[in-house]
Amino acid sequence: MKKILVGLLTIIVLLLFLWLQINVFNYFALFGVIPNIGIILIVAISMYAGKNIGAVTGFIYGLVFDSCFEISFGLYTLLFLLMGYAIGQIKGKFALDNKFSLPIIVAVTTIIVEIINLIFLNLKQPAFDISFLYVTKVLLLESAYNVLLTLLAYKPLMLLGDIINRSRRAYYEL
């Protein structure tokens, strides 16, 4: 029963983050930049639960995200799936109790995801003008925004990671 509750808790947190992304953070743009809190969640879960759960979480989050935003259907599903898997691969190489490990990984991941997103957006709409200043502004501001939100959500994310870790051996082995 405890295993099912942990799985349900993870799904509820995932849906909460999606709801916040769609209904709250879309209206809190700083200098025209909106944070991508899905990156924060997927990085945190991948760091604690590993590559398999990270990839599954990324896939589910990306699929629902793509369904809500008609940017390029499948792009975020693939990006978040690969991101969850890759971050899960480096899981043991960072001290999870260090308060700065998670924000640094979130910042780097945000930059990588947004560069790939801008490349695909440019391929889809060749007339889309991307200046170096615009790209730098978006990358730095979104990374800073995500890092700030990661620091604010650090304790709840670590609590979720701890809950997942405690039940992982029994429930999350794929």
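Between the residues Leu14, Leu159, Phe65, the greatest Cα displacement towards the positive end of the dipole of the chain, with unit charges on the Cβ of Lys, Arg, Asp and Glu, is found for Leu159.
Karplus-derived 3J(HN,Hα) values for segment 139-155, using 6.51 cos²θ - 1.76 cosθ + 1.60 with θ = phi - 60°, are 4, 6, 5, 5, 4, 5, 4, 5, 5, 4, 5, 5, 5, 5, 9, 4, 4 Hz; glycine and proline are entered as x.
Take the Cα of Gln89, step 7 Å toward its Cβ, do the same at Leu118, and the gap between the two points is 2.4 nm.
If R0 is 30 Å, what FRET efficiency do you get for Tyr134 and Lys155 from their C-beta distance, rounded to 0.05? About 0.30, to the nearest 0.05.
Rounded to the nearest 20 debye, the dipole magnitude of the chain is 680 debye, with +1 charges on Lys and Arg beta carbons, -1 on Asp and Glu beta carbons, and the Cα centre as origin. Normalising the average separation of contacting C-alpha pairs (under 8 angstrom, six or more residues apart) by the number of residues puts the relative contact order of the chain at 27 percent.
Helical content alone sets the calculated 222 nm signal of the chain at -25500 deg cm²/dmol, taking -39,500 (n - 2.57) per DSSP H segment of four or more residues and averaging over every residue. Ordering Lys91, Lys155 by the number of other Cβ atoms within 10 Å of each residue's own Cβ, fewest first, gives Lys155, Lys91. Between the helical axis of 51-68 and the dominant principal axis of the chain, each derived from Cα atoms, what acute angle in degrees is found, rounded to the nearest 10? So the inclination is approximately 50 degrees.
In this entry, the chain is assigned a mean projected area of 9.9 nm², taken as a quarter of its C-alpha convex hull surface. Our estimate of slack between Phe25 and Arg166, defined as 0.36 nm per intervening residue step minus the Cα-Cα distance, is 47.6 nm.
Read-outs: derived from the displayed coordinates by stated rules, not from any lab. Since this is a predicted model, take the numbers as computed values, not measurements. Note that each Cβ is placed from the backbone with ideal geometry, even for glycine, and that neighbours are counted across all protein chains shown.
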